[in-house]
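Asker: What follows is a single structure, and I will ask about it in a moment.
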Amino acid sequence: MPNKRWVIPDIHGCAETLQMLVEDLVRPQLEDELYFLGDYIDRGPDSKGVLDYLMEIEKKPFKTTFLLGNHEDYFLRAYDYEKNPDKILGIKKKNKIKKEWLFHGGKEAMKSFGTKNLPEIPSRYIDWMRKLQNYVELDKFILVHAGLNFKNEDPFEDTNSMIWVRDYEVVPEKINFKKIIHGHVPVSLDFIDNSLKNHAQYNFLDLDNGTYMSRRSGYGNLIALELNSMEYVVQHNVDF
């Protein structure tokens with residue numbers, strides 16, 4: 001049998017849900033490939049646990065690829081500013097990026113690390129996040145956290161859009177008529193199911209079911225899509 005290629009979107013600090021998805025449903029074998037679309041941290045209760053688990057998966061014999069999400073970008077920018085803040089007359093300016101990040105789920109992430117001081121987070125987590133990729137191009141697919149800027153002559157030049165864009169219109173010839181698979185924007189499970197059942201009609205697929213949104217009907221699951229079969233598995237959130 002050919003190796004399986006699994007794509008897993010936004011995890012958002014839901015470590016137990018991730019573990020159950022991988023170990024009970026995906027069950028990767030030696031030659032399988034795992035692609036993670038970013039947003040591993042924030043909102044959920046255990047960002048540190050998610051990163052620990054992913055860093056352990058990376059040591060396994062199957063192939064793993066990890067993309068950068070906007071929440072990792074938020075975290076790194078807040079961390080870098082905290083280490084090297086702007087100053088006026090020798091007085092450190094407030095870290096506005098940190099304030100924004102904490103509001104958008106960073107508070108839960110900091111709690112999982114057991115600190116309120118960003119520089120106290122162990123450097124191995126920072127180093128790991130700095131190595132995350134912006135996108136990956138496969139035979140029929142472009143995997144990216146958010147999307148691409150097709151207003152550019154070369155959509156791959158705009159790395160900021162890859163992690164932040166929300167609305168875009170695909171220009172197929174600019175990506176060799178490959179299908180974009182992304183997360184970033186939560187959509188309902190019915191929407192995901194319909195788009196995957198009719199995937200030939202779509203030039204992009206959104207896999208983000210809002211893992212942390214367990215109280216909202218039709219949301220609160222973590223998806224894994226197998227690219228060869230275009231079949232998917234669903235793990236309901238067990239962290240909340």
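Asker: Which order results if Thr211, Thr64 are arranged by neighbouring Cβ count within 10 Å, fewest first? Don't jump to the answer; show the numbers that get you there.
Answerer: Working: Thr211 30, Thr64 16.
In increasing order of surrounding Cβ atoms, one gets Thr64, Thr211.
Asker: Can you bin every Cα-Cα distance in region 141-240 into 10 Å intervals starting at zero and give me the percent of pairs per bin, rounded to whole numbers?
Answerer: 15, 45, 31, 9, 0
Asker: What is the order of Trp6, Trp101, Trp128, fewest Cβ neighbours within 10 Å to most? Mind showing how you got there, number by number?
Answerer: Numbers: Trp6 23, Trp101 26, Trp128 16.
The fewest-first ordering by Cβ neighbours comes to Trp128, Trp6, Trp101.
Asker: Among DSSP beta bridges whose residues both lie in region 1-149, state the antiparallel percentage, nearest 5. Present the calculation step by step, with values, prior to reporting the outcome.
Answerer: On the way: 5 of 14 bridges.
Among the beta bridges of region 1-149, antiparallel pairing accounts for roughly 35 percent.
Asker: Continuing with this model, one more query. What is the distance in Å between the Cα centroid of region 43-59 and that of region 160-215?
Answerer: 24
Asker: Can you give the relative contact order of the chain as a percent, counting alpha carbon pairs under 8 Å and 6+ residues apart? All intermediate terms of the calculation are to be shown ahead of the outcome.
Answerer: Values: 490 pairs, mean separation 55.5, N = 240.
Once normalised by length, the contact order is 23 percent.
Asker: Which ³J(HN,Hα) values, rounded to whole Hz and listed in residue order, are derived for region 165-176 from phi using the Karplus coefficients 6.51, -1.76 and 1.60 in 6.51 cos²θ - 1.76 cosθ + 1.60 with θ = phi - 60°, glycine and proline given as x?
Answerer: These are the phi-based 3J(HN,Hα) values: 4, 10, 10, 7, 10, 5, 10, x, 5, 6, 10, 6 Hz.
Asker: Turning to a different aspect of this structure: In which sequence would Glu56, Glu100, Glu16 go, from the one with the fewest C-beta neighbours within 10 Å to the one with the most?
Answerer: On the way: Glu56 9, Glu100 13, Glu16 18.
Going from least to most buried by this count: Glu56, Glu100, Glu16.
Asker: So, one more: Per residue, what volume in Å³ does the convex hull of the Cα atoms of region 101-150 enclose?
Answerer: Output value, Cα hull per residue: 122 Å³.
Asker: Would you mind giving the three semi-axes, in whole Å and largest first, of the ellipsoid equivalent to the chain according to its Cα gyration tensor?
Answerer: Semi-axes from the Cα gyration tensor: 29, 22, 17 Å.
Asker: To the nearest 500 deg cm²/dmol, what mean residue ellipticity at 222 nm is calculated for the chain from DSSP H runs of n ≥ 4 alone, each contributing -39,500 (n - 2.57), summed and divided by the residues?
Answerer: Values: 8 runs with 67 residues, N = 240.
Value at 222 nm, helices only: -7500 deg cm²/dmol.
Asker: Once the Cα gyration tensor of region 50-119 is diagonalised, what are the square roots of 5 times its eigenvalues, in whole Å and ordered largest first, as equivalent ellipsoid semi-axes? Working shown, then result.
Answerer: Values: eigenvalues 172, 33, 24 Å².
The answer is 29, 13, 11 Å, longest axis first.
Asker: Would you mind working out the magnitude of the charge dipole of the chain relative to its Cα centre, with +1 at each Lys and Arg C-beta and -1 at each Asp and Glu C-beta, to the nearest 20 Debye?
Answerer: Working: 32 positive and 38 negative charges, 204 e Å.
For this selection, approximately 980 debye.
Asker: What does DSSP give for region 85-240 in terms of the percent of beta bridges that are antiparallel, rounded to the nearest 5?
Answerer: Values: 11 of 17 bridges.
Beta bridges within region 85-240, antiparallel portion: roughly 65 percent.
Asker: Hey, can you list the DSSP H helices of the chain whose Cα span along the axis is 30 Å or longer and whose average Kyte-Doolittle score is at least -0.5?
Answerer: Details: long enough: none.
Helices passing the filter in the chain: none found.
Asker: Could you state the orientation-averaged shadow area of the convex hull built on the Cα atoms of region 15-54, in nm² to one decimal? The partial results should precede the final answer.
Answerer: Numbers: hull surface 11.9 nm².
Approximately 3.0 nm², given one-decimal rounding.
Asker: Still on this structure, please answer the following. Write down the radius of gyration of region 143-192 and its Dmax, each obtained from C-alpha positions, in Å.
Answerer: 11.1, 34
Asker: Assuming a viscosity of 1.306 mPa s and a temperature of 10 °C, what translational diffusion coefficient in µm² per second does Stokes-Einstein assign to region 50-173, Rh being the Kirkwood radius over Cα pairs?
Answerer: Details: Rh = 16.6 Å.
For the chosen part, D equals 96 µm²/s.
Asker: Give me the net charge of Val22's neighbourhood, meaning all other residues with Cβ under 12 Å from the Cβ of Val22; Lys, Arg count +1, Asp, Glu -1. Spell out each step's value before the answer.
Answerer: Values: positive: Arg27, Lys60; negative: Glu16, Glu23, Asp24, Asp32, Glu56.
With Lys, Arg at +1 and Asp, Glu at -1, the net is -3.
Asker: Next question. Would you mind telling me which residue in Arg215, Arg166, Arg130 has the biggest mean-square fluctuation in a Gaussian network model of the chain, where springs connect alpha carbons within a distance under 10 angstrom?
Answerer: Arg215
A short reminder: the numbers here are calculations on the coordinates, not readings from a lab. The model shown is predicted, which means the values in this text are computed figures rather than measured ones. Using ideal geometry, Cβ is built from the backbone for each residue, glycine included, and neighbour counts are taken over all protein chains shown.
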